[in-house]
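Below: one structure, written as structure tokens.
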Amino acid sequence: MVAETYEDGRVGRLLRGAEILTWGAATVAVLGGARYRPAAIVAGLALLVGSAATRFGVFAAGAASAEDPAYTVLPQRAARGPR
């Protein structure tokens, strides 16, 4: 239930983009980053943008889950148990 906020809407797009950028940067770095300076620069910038997108995506997911009572009240009630 908690992972739903990471997959939906703006948060999902941010995190998918971050994953694509990170994997692409890793591929560029492995294939040509050590030999070619422009490839290393592109890989570094892609990693920078990917990490920023991950950070903002996780922050936005936290805000979205805090706004929705289904993610805050229901788990608390379930943990409390039946009365």
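The values are calculated or read from the model by the stated rules, or taken from the named source; none is laboratory data. Keep in mind it's a predicted model, so treat the numbers as computed, not measured. Note that each Cβ is placed from the backbone with ideal geometry, even for glycine, and that neighbours are counted across all protein chains shown. All accessible areas refer to the heavy atoms of the entire protein, side chains included, with ligands and DNA or RNA removed. Shrake-Rupley method; radii C 1.70, N 1.55, O 1.52, S 1.80 Å.
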Suppose all protein chains stay in the model; what accessible area per residue would a 1.4 Å probe give for the chain, in Å²?
75
So, in nm, how far is label W23 from label R80 when the simple model puts each one 7 Å beyond its Cα toward the Cβ?
4.3
Explain nothing, just the number: relative contact order of the chain, from Cα pairs under 8 Å at least 6 residues apart, as a whole percent.
35
Please find the FRET efficiency linking V30 to F56, where r is the Cβ-Cβ separation and R0 is fixed at 25 Å, and quote it to the nearest 0.05.
0.45
Can you give the angle from 0 to 90° between the axis of helix 9-28 and the longest principal axis of the chain, with both taken from C-alpha atoms, to the nearest 10?
30
Of the heavy-atom accessible surface of region 28-83 (probe 1.4 angstrom), what whole percent is carbon and sulfur?
66
Helix 37-67: angle to the longest alpha-carbon principal axis of the chain, degrees 0 to 90, nearest 10?
10
